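Okay, structure first, notes after.
We did not get these values from a lab; they are worked out from the coordinates using the rules stated. All values derive from a computational prediction rather than experimental measurement. In this analysis, Cβ positions are derived from the backbone assuming ideal geometry, glycine residues included, and neighbour counts consider all displayed protein chains.
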Amino acid sequence: MRFINLTRQNEIGANSYFLEIDRRKIILDAGLHPKKFGEEAIPNYRRVGDGEVDAVFISHAHQDHIGSLPILTRRQPQAKVFLTPATARLTEIMLHNSVNVMSRQRDELALGSYPLFTHREADQSKDLWHEVGLGQRWSIDGERLGANGSELSFEFFYAGHILGSTGILFRNGEQKIFYTGDVNFLDQTLQRRAEFPTEPLDVLIIETTRGDRALRPNYSRAGEESRFLQCVLDAFDRGGSVLIPVFALGKTQEILALLHRFRSSGALEAPIYIGGLSTKITIVYDQLASNSQRSLPGLQLLGTLSPFVLNGRDVPTTQIQRNRLYVLSSGMMTENTLSNQMATRFVDRPEQSIFFVGYADPDSPAGRLKAADDGALLQIEQGASRLPVLCAREEFDFSGHAPRELLMDYIVKTTPKTVILVHGDPPSLDWFKDAIATALPACQVIIPEPDKEYELW
Ligand SMILES: [Zn+2]
Ligand SMILES: [Zn+2]
C-alpha cells in the first residue's frame, strides 16, 4: 500500500489523500482551501498522473472535502466517484454556490483564473458520481459484492458529523484500511453519533481537528444547550437580539433543531432569521429527514420553525427589533456574508449579543471578534470604519467533531498497526502522536509530509 498526502500543508485546508492498494489508485476527498487562492487552494493533484485514478471517495459535503472535485474529475474523467446519496445532493448545492462565490472574487480580487471551474463543469462532474448507501460492500469498479469476497472492496460507515457524512472501510483480503473523514462520537442535537467499525485495523487514517484542546471536564451537550438557552433569555432581558454566525451546512440545522426543542418545551419563543445558502441546504435536510441517522426524524425544520429568510440586500436595512434570533452564515463571519454584514450592525451596540457556536480561524472576522477586548476597536468589514466592541459575546461548544479523548478511545479499540494523522494543525497532530505512542507503543504513527510517498507494505 502506498499513501501520499496531497494537501499542501499539515492543516485543515484542502483535504485530499492518495492511496494505492493492490495497484488500484484511489483518492480520498477533494477539498478546496477556504483561505487561499488559485493553485495554492487546490490539493496537489499533479502528484498523481492524469487519467490514472480508479476511484474517488467523498466523505462528506463540506468545502474542505469537496470544493475542488470538478478540478479533480477534469484530470481524472475515467474515475468513478463514490459518495452517499445525501452527500451527492449537498455537494451539488455547495459546488454551484462555490462557482458563484469564485465569480464574485474574480471581480473583487482581480483573480483572472477564477472561477476555478464553471457551473457546467460542476454538472459534468456529476456524470461520474455513484451513490452508495451505508452498510453495503462494493468493488471500487462499482459492483455490488457479497459479504465474503476477498477482492478489494469498500463500505461506508455513518460518521455522525453532518448529514451524509461517512467513514470508508477498504478490505483487501485480510487487510483493513479505514478513513474516518470528519467524525463525531458524541450525539449532537440533530446528528446522532458515529457508528464506526470496531474490528482490528491495519491502517487507520484519522482526523485530528480537536487534538489541541481537552474536553472541558464536566462537559455535556445537554449542559451546553441549557447554558445557551439561559444566555439567549438574558440577552432578550437586556432588550436586544442575538446574532449566531453559523456554517450553512451542518451547524445551521443543528441550531435550528435546538431552537425547535426550546420552542416545543415552551422555554423560548422568538422569531428566527436564516439566509440564502442555509435555506437550500435545510431543504435537503428536511427532504431526507426520515431517511438519515438523526434524532427528531419527523421534524421538518423549515415547515415547523418557519424562519424568515434574509438576503444580502435586506441585511443592511432590515429593522432589528428586540427578541430576535439571527442564525446567519458564514460561521467565520467572512467578508460579504450575511453574518458579517449583520455583525457590523450588532458589534457597537451594548444591548445586542453575538454567540459563537463553532470553530473560527483566529484571522477571520469571527476569530478576531472572539479574541477582542471589550471596547477595543475592530474592523469587521473590509474598507469600513473600525467599531468599538460593545455587544455581549458568548462561546458555546457545539462542535461537530469528536473530542480528542474519544478519538483516542477509537484508536485503542481498533489497535491499528499504522495510524496516519490528518485534518489537524501541527499542535493537534503532535498531541495524537504522543498519546498513541503511550497507549499503543507498537503502533506506527505517521504525520504525512505533503508530497512524500509512504510505502506501507
Ligand atoms: Zn466537515
Ligand atoms: Zn473537514
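Taking 7 Å steps out from each Cα toward its Cβ at ARG263 and ARG393 produces label points 2.9 nm apart. If the limit is 25 Å between Cα atoms, which of LYS36/LYS452; LYS413/LYS433; LYS417/LYS452; LYS176/LYS413; LYS80/LYS413; LYS25/LYS433 go over it? Over 25 Å apart, Cα to Cα: LYS80/LYS413; LYS25/LYS433.
Label-to-label distance for GLN319 and ASP451 is 5.9 nm, based on points extended 7 Å past Cα in the beta-carbon direction.
DSSP finds beta bridges in the chain, and of those with both partners inside it, around 45 percent are antiparallel. Using only Cα atoms, locate the centre of segment 1-42 and the centre of segment 150-175, then give the distance between them in Å, rounded to an integer. If you average the Cα positions of each part, the centres end up 18 Å apart.
Taken along the Cα-to-beta-carbon direction at a fixed 7 Å, the label points for GLU131 and SER150 span 3.6 nm. The slack between ALA437 and GLU52, meaning 0.36 nm per residue of separation minus the straight C-alpha distance, is 135.0 nm.
Taking 0.36 nm per residue of sequence separation and removing the Cα-Cα distance, the ALA222/ALA384 pair yields an extension gain of 54.4 nm.
Report for segment 221-395 the percent antiparallel among DSSP-assigned beta bridges with both residues inside it, nearest 5.
Counting DSSP beta bridges with both partners in segment 221-395, the antiparallel share is about 10 percent.
Which FRET efficiency value, to the nearest 0.05, is calculated for ARG23 and GLN300 with the Förster distance at 60 angstrom and r the Cβ-Cβ distance?
Calculated transfer efficiency: 0.80.
Computed 3J(HN,Hα) for segment 425-431, one whole-Hz value per residue from the Karplus formula 6.51 cos²θ - 1.76 cosθ + 1.60 where θ = phi - 60°, is 7, x, x, 5, 4, 5, 4, glycine and proline marked x. Relative to the Cα centre, the charge distribution of the chain, modelled as +1 at Lys and Arg Cβ and -1 at Asp and Glu Cβ, gives a dipole magnitude of about 680 debye.
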